[in-house]
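Worksheet for the structure shown next.
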Amino acid sequence: MADGIEVVPISLPPSADIAKFADFGREIRGVHPGAISPEQFEELERLLYKHSLLLFRNVDVSPEQQYALAQKFDPTSESFGHGNRKLENDKKSILYPTLKGIPRVPQVYLVGNGTAYDHEGLREVMLKHPSHTSWHKTSISQEDQEKGATRFVRWHMDAALYDLLPPKVTTLYGINVPQGPRQTIRYDDGTGDELEVPLAATAFISGKTTFDILPPELKSLAVRSRVKNAPHPYTWISTAKAKSTGMGIETEGLEMPYDQLPPWEESKVQILPMAWKNPVTGHLHIQVHGWTAAEILVDPLPETAERQGALYPDGAHITNLQEVRDILHKIQRPAIAPPLVYPHDWRANDLIVFHNRGVMHSVTGNLKPEQVRTYHQCNLAASDRPVGPDVEDIAKWV
Ligand SMILES: [Fe+2]
C-alpha cells in the first residue's frame, strides 16, 4: 500500500446483506485528504473505483482542499457539477433551495439545515434539509413524522444531465452533524419495506449491484439501452411529484412543457448509456435518473443472440413517459431493498468521497430548524462522457 495508507472496511448496519457489500466502501487512514502525494493519489483513485466509497474520519478539510481533492480525479475540470454559480440563478430548479455556494471557492457548496452564521464568508445562511414532503406525491403524516418515520427523499447521482457531464466523484464533508434518535424509512409502496437509519443519514446503493441482481432479460435490455434526458431536467420535473420510495417519479402529465422551460438547445441534451463501465474494474453500473429520463433508445439484439424471452429484440425508441419510467423502475427498485442500502452514520469531520458514476445516493430524515446541519459538497462537471458497455459486455449479457 502506498506510503502508509491504511484501508479498513466500513462498518455496515445489521440490516445490510454483507455479501453484497463485500467490495463496497473503505475507510482510509494514515493520510490527510489535503496532503496526498501523487503515489498516494494513484492508490486512492484505484481504491475509489474498486470500492465505490472512501471515508476519511475526523479530518479538518478547508473548501480549497476539498476542491483540490475533487479535481485530482479529473484534473482539467473547473466547474461545479451544475455549473459555477448557475444554481443561484435558476429559481425554478428543484435544487435552488438546497445549495449555497461558498464565495471564495464556487465549486464548493454549503448544504444542510437551520441557520449558519459567519460560515466561510457567508454571514447568515438559512439552510433547509430536503424533505420528502415537498417532492413526493404522498407524505407521511405529521404525527408519524414526529414519531420518527421518514423516507428517502430522492435517489440520484450528482449530475446536471444537461450540457454539463456527470461528475466522476463527489466529496461530501460533514461539519455540523445533528444528533438525535434514529428514524425509520418507510417505503410506502405496498411492500411493507422499512429501514432504520441514523438521523439524517446519507443513503447509498451500488450501481453495480443494481445491474448484478437483474434478471437476464433486463440485463440484456440495460446493455442495449441509452437514456435521453429532458432538457433542463430539474426544472422540467419541478412541477411533478416523486414516488414514495424516492426512486422515480409519478406519471401524471405534470412535467413542465418543453416550450415553457428556460431556452435550451438540442445539442446540450444528454443521451447517456443506461449502464456505465467502471474505468478500473470494467464492471457495469446502472446509472440513470428515472425522473430526468424522457426517452429510451434500445439497440436491436445482435444477430447471433437468442431472441427467446428478449425485451425489444428489434430495438426501440421508447417515448411514452409511462413506459420509460416503468422500465427504469423495474430495473432500479430492486436495488433499494433494505439489505442493499448503506446509510452512512455521520460523525463530525467525516469526509466521504464517492464514485458518482458508480453509486446512487439519497438524503434521508426529518430535521427541525434548530437541528443545524452544515456540510460541504464538491463535485466537478466531468471532462469526458461516461462509457457504456463494450462489444464484449453486450455479447456476454444479451
Ligand atoms: Fe447529491
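So that you can scan it fast, the table gives a plain yes or no per residue for (1) more than 18 Å from the chain's Cα centre (by Cα); (2) within 15 Å of the ligand (Cβ to nearest atom); (3) modelled with pLDDT under 95:
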residue	(1), (2), (3)
I140	yes, no, no
D144	yes, no, no
T150	yes, no, no
I205	no, yes, no
P215	yes, no, no
P233	no, yes, no
K241	yes, no, no
S244	no, no, no
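The rows are residues; the columns are (1) polar (S, T, N, Q); (2) away from the ligand (no atom under 16 Å from the Cβ).
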| residue | (1), (2) |
| --- | --- |
| K147 | no, yes |
| D163 | no, yes |
| Y173 | no, no |
| N176 | yes, yes |
| Q183 | yes, yes |
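Among the residues of segment 192-225, the ones that are of a type in the set (D, E, K, R), surrounded by 22 or more Cβ atoms within 10 Å (Cβ to Cβ) and closer than 17 Å to R357 by Cβ come to 1 in all. Can V108 be described as within 16 Å of the ligand (Cβ to nearest atom) and either in a strand (DSSP E or B) or not assigned by TED's automatic domain parsing to the domain that holds T374 (or both)? Here the answer is yes, as V108 does meet what is asked. Identification of strands (runs of 3 or more DSSP E) wholly contained in segment 113-227 with 2 or more residues that are touching a residue at least 40 places away in the same chain (Cβ under 8 Å) and not assigned by TED's automatic domain parsing to the domain that holds I271 yields 169-176, 183-186, 194-197, 202-206. Here V353 meets the list (1) of a type in the set (V, I, T); (2) touching a helix residue (DSSP H, G or I) at 6+ places or on another chain (Cβ under 7 Å); (3) surrounded by fewer than 22 Cβ atoms within 10 Å (Cβ to Cβ) almost entirely, failing just condition (3). For G358, the stated conditions hold: it is under 16 Å from the mean Cα position of the chain (by Cα), in the same structural domain as S134 (by TED's automatic domain parsing), away from the ligand (no atom under 13 Å from the Cβ) and touching a residue at least 12 places away in the same chain (Cβ under 8 Å).
The values are calculated or read from the model by the stated rules, or taken from the named source; none is laboratory data. As the structure is a prediction and not an experimental result, all values here were calculated from the model. Glycine also receives a Cβ, built like all others from the backbone with ideal geometry; neighbour counts cover every protein chain displayed.
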